Each structure stands twice: as structure tokens, then as C-alpha cells.
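Structure first, then comments.
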């Protein structure tokens, strides 16, 4: 654990979690609240843990499988994201993810492997998920697999920020692998957010842009970091549910600000899938966004501040 | 009016801020980000579905300025 006056970071969800507080005296309590939420979401929603609720649902595809409330809530969020984007993000991309080689934690993926036979076919579809809240159970079609990568981490950030702010009574910013959520009263000049290609970058880095946020959330999705090779062809991790294979590469990365990190990450993922139509789609939903083309030029929409 | 629909409602959110296609009606059951559970949407929130853009931007809290000047501490948003 690395600590500074008002910040702590720790490994979580296969990436790094960062907790910032507006009052340094609240750091320990905020850290504890965040860790509890992260552990709960990881145990329920991880596709790479053999003991997670989500793994049990995937393993039992075709049958009803009991699930605790955390997975029920997370899946409901994922289904809502699918519905509101018209299926541009879809929690049933798990099988397609495995097909392209993303079947284990990213750090364990073999970076160069043999070619894979990619079939262009629509994923099973969120409409075929059955969620029975009254009996605490889930059923997905036989052969289908869930992946909540487009929503669960961001939803976790929202919940962790809210829990930490309620516990401490001070403003809190939570970062989970670059997905940011803010809760409570922000510092007088807002939270300083550096938007750049890699969440491991420096807040003072030369590339990217620094903006200020007071609440809500911000998320960045892209095709340039989580990628690997199969048969000499580059593959990345954002699957287009309409085709069941990696989305066309129009944008290197897209950052979206929204009332919640969940909404932001849903929209940034949908933007990658949409490609050229993304700016119009984001603007129509009043979502401030910064889109970086593969060539490096930047497009701003929805009121995102120009540099 | 049929079975209640479910959607997320955020703190200070107006319904349009989610997606234009999912505007809620009063008395829908919704997932409340702030409470961490589902609750019934009020008529006030229904009214706020007819929001204007400036109000939405205020809810987002994104300042219309880029931060410049000396190095400041902060947090990074980037790809995982």
C-alpha cells in the first residue's frame, strides 16, 4: 500500500485502485470503505475467479443458478446499459471474449499466439438473460457467458465513492483502473483530473488534458492498450456485440464525463463500438466527451472543454 | 400502466442525462445510485426529464475550463 497525505492506492480488480479525500484525516476510513466494496464486487462479478458468482452462472449456463444480491444488482446495471445503448454494450459478450483469447486476467494473456478462427455472429443478447430477483437466481442461455467488463468496475467505483463519502462525511474521489467516481463535497477548486491514454500515466504527464470535476464520474475506454496478437493480427478487448469480434478501430480512446461513472463507462465503451458515429451519438445524449482518433487528433463534443 | 420498469437514477440526475430513450415516468421503480437500492421515482424527477442542457451540465459538474499552470495533484483517467 502506498500512502501520501490524502491518497492511498492498492491493487484491486486486476488493476490499481486510488482513493483521494478532501480531508487527509478521513483517508483511513475512506480506504476501508472502498476496500470493502471492491472486495464484494470482485467476489461477485469477476470472470477470472473460479469462486465468483458470475463464474458459477457462466458454468451453469442453461440452468437457473443462485446468485447473491451484488451480482443481481451488477447484472441489472449491465442489462440497463445494454437497453439504453440499444445493445452497443451487452453483458453476453463473455463467449466472444474467450473466442478472441481474453479468457484469463489480462496480465496472464499470451501476447502472441496462433491465429484464431473468428466468426462474425451476434452475441446471444442481453434480452435472453433471465434475472429472478425474488428467488435470487439467474439463467443465461446454454452456451452463453456473461462479462460485465463494460459496467461492473465503473459501478464499483460509484458505490465505493458513495460509501466512502457517507462513512467519512468528506469529499472522495475513487479511481479503479482509470474509471473515476466522485462523491461528497469536492475541494474548492474541484477534483483535478488528467485525461490521458493510460491510467498509469502521471497527473503531470505531457500528453492528454487536465480538467476539473465536482461530481459524477468519468471513464476512458480504448483500443490501444489491452491488445494482443493472434496469428500476426492485433486483437483488442472491446467486442462489438453485433459482430461478436473486436470493434473496428476508429478511436484510440474515448473519455466521457457523466452523472455517474457507470453511465460514463457505458457511453465510452459504446462510442468505441460505434466508431465514426460516436460524436453525434454522444452529443445527442448531452454527454461531454473527448475522443482521440487512431491518428492522434482530438474531437470534443457535448461541452467538453477545449484545451 | 404495465409492469414497473427499472433504470438507474443518480444523485442530482435528470432522467434525460441517462439516455433519451429511457425517460422514466412517475411511479416507475428505479435503481437509485445514491441509496444503493431500487425505489419509486417521484413526480419531481419525472418533471426533470424535460430538462435543459445547462442543468444537465451542472449535474455532471464538469468545469468549462482546462486546468493550466503549475503542477497540481490529481487523479488520472485513462485506459485500464
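Structure summary
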quantity: Within 10 Å of each Cβ in A:215-222, the average number of Cβ atoms from other chains; calculated: 5
quantity: Shielding by other protein chains, A:188-195, mean Cβ within 10 Å; calculated: 5
quantity: Mean Cβ neighbour count within 10 Å, used as a protection proxy, ranking A:89-100, A:126-137, A:171-182, A:200-211 highest first; calculated: A:171-182, A:89-100, A:200-211, A:126-137
quantity: Angstrom value of the Kirkwood radius, inverse mean 1/r, which spans all Cα pairs in region A:67-115; calculated: 12.7
quantity: Footprinting exposure proxy for A:199, A:236 (fewest neighbouring C-beta atoms within 10 Å first); calculated: A:236, A:199
quantity: Protection-proxy order for peptides A:11-24, A:217-230, each taking the mean of Cβ atoms within 10 Å per residue, highest first; calculated: A:217-230, A:11-24
quantity: Equivalent ellipsoid, chain A (semi-axes from 5 times Cα gyration tensor eigenvalues, Å); calculated: 29, 24, 18
quantity: Shielding of A:254-263 by partner chains, average beta-carbon count, 10 Å; calculated: 6
quantity: Order by protection proxy (mean Cβ within 10 Å, highest first), peptides A:240-252, A:289-301; calculated: A:240-252, A:289-301
quantity: Nearest-0.05 FRET efficiency for residue A:134 and residue A:185, computed from C-beta distance (R0 41 Å); calculated: 0.60
quantity: For chain A: relative contact order, % (alpha-carbon pairs under 8 angstrom, 6 or more apart); calculated: 17
quantity: Potential extension, residue A:39-residue A:207 segment - 0.36 nm per residue separation minus Cα distance; calculated: 57.2 nm
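A short reminder: the numbers here are calculations on the coordinates, not readings from a lab. Just so it is clear, the model here is predicted, and its values are computed rather than measured. Methodologically, a virtual Cβ is constructed for each residue, glycine included, from the backbone with ideal geometry; neighbour enumeration extends over all protein chains shown.
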